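The values are calculated or read from the model by the stated rules, or taken from the named source; none is laboratory data. Because the structure is predicted, anything quoted here is derived from the model rather than measured. Using ideal geometry, Cβ is built from the backbone for each residue, glycine included, and neighbour counts are taken over all protein chains shown. Accessible surface areas use protein heavy atoms only, side chains included; no ligands, DNA or RNA. Shrake-Rupley method; radii C 1.70, N 1.55, O 1.52, S 1.80 Å.
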Amino acid sequence: FLEHMLFLGTARYPDPGEYQEFISAHGGSHNAYTAVDHTNYFFDVEPASLDPALDRFSQFFVAPLFNREYVEREMNAVDSEYKLGLKDDARREYDVLRELVGPGHPLGQLAVGNLQTLGEGESDIREDLLAFYAKHYSANLMTLVVLGREPLDALEAMVSGRFGAVQDRDATARTVA
């Protein structure tokens, strides 16, 4: 759910389709996924558009909007992804594995949410989302990889000015006992 909401506008680029349109218009693609131990956001774009693409991408982690008007739509999108996976054999195997691991292990947690797990109607899901973002999206827990044709000093300049603004909340990484 958080992945979906991050793609829908930032303070600098408030149009919810702007990022996707920019990446597509410049020969690229983008996506994200959440694994047991991390979430990965990624994109590719034609080389000449790397700098403005990084500007747009960085804003997800600097000033996301999490607009209330997209909450229900994205909850339904997550629910649709969940329902699509119900008949997938690999997903079913993973569900069995989740039942076999020890209590509290991250592998045992729900991999894909749905309307029920998102607490449809039980609380203000946007407020929950903001709290989760503030707790877990911290510069000290993040890693960025940038590959480009530019010299390393030029790539570093593109990155440091933009991603240096990502807030360091001194968050603690989740661990398994």
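For the range 103-134, give me each residue that is in contact with a helix residue (DSSP H, G or I) (Cβ under 7 Å, 6 or more places away or on another chain) and either within 23 Å of His38 (Cβ to Cβ) or assigned to a helix (DSSP H, G or I) (or both).
Matches in the range 103-134: Leu107, Gly108, Ala111, Val112, Gly113, Asn114, Leu118, Ile125, Arg126, Leu129, Phe132, Tyr133.
Just to be sure, is Ala53 aliphatic (A, V, I, L, M) and farther than 24 Å from Ala165 by Cβ?
no
Please verify whether Tyr41 is in contact with a strand residue (DSSP E or B) (Cβ under 7 Å, 6 or more places away or on another chain), among the hydroxyl-bearing types (Ser, Thr, Tyr) and at pLDDT 95 or above, treating the condition exactly as stated.
yes
Can you pull out the residues in the range 1-41 that are part of a strand (DSSP E or B) and over 13 Å from the mean Cα position of the chain (by Cα)?
Step one: filter the range 1-41 for residues part of a strand (DSSP E or B), giving 10, 29-34, 39-41.
Of everything in the range 1-41, those that are part of a strand (DSSP E or B) and over 13 Å from the mean Cα position of the chain (by Cα) turn out to be Thr10, Ser29.
Of the residues that make up the range 78-94, is at least one under 16 Å from Leu2 (Cβ atoms), open to solvent by less than 40 Å² (accessible area, probe 1.4 Å) and aliphatic (A, V, I, L, M)?
Here is the first cut: in the range 78-94, the residues under 16 Å from Leu2 (Cβ atoms) are 78-79, 81-82.
Filter once more, keeping what is open to solvent by less than 40 Å² (accessible area, probe 1.4 Å): 78-79.
Restricting the remaining residues to those that are aliphatic (A, V, I, L, M) gives 78.
Yes, the range 78-94 contains a residue that is under 16 Å from Leu2 (Cβ atoms), open to solvent by less than 40 Å² (accessible area, probe 1.4 Å) and aliphatic (A, V, I, L, M).
Matching residues to (1) in contact with a strand residue (DSSP E or B) (Cβ under 8 Å, 6 or more places away or on another chain); (2) of a type outside the set (D, E, K, R); (3) over 20 Å from Asn40 (Cβ atoms); (4) touching a residue at least 12 places away in the same chain (Cβ under 8 Å):
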position	(1), (2), (3), (4)
Leu107	no, yes, no, yes
Asn114	no, yes, yes, yes
Glu127	no, no, yes, no
Tyr133	yes, yes, no, yes
Tyr137	no, yes, no, yes
Asn140	no, yes, no, yes
Leu147	no, yes, no, no
Glu150	no, no, yes, yes
Asp153	no, no, yes, no
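Residues being among the β-branched types (Val, Ile, Thr) and open to solvent by 50 Å² or more (accessible area, probe 1.4 Å): count how many of those fall in the range 104-137.
Total meeting the criteria: 1.
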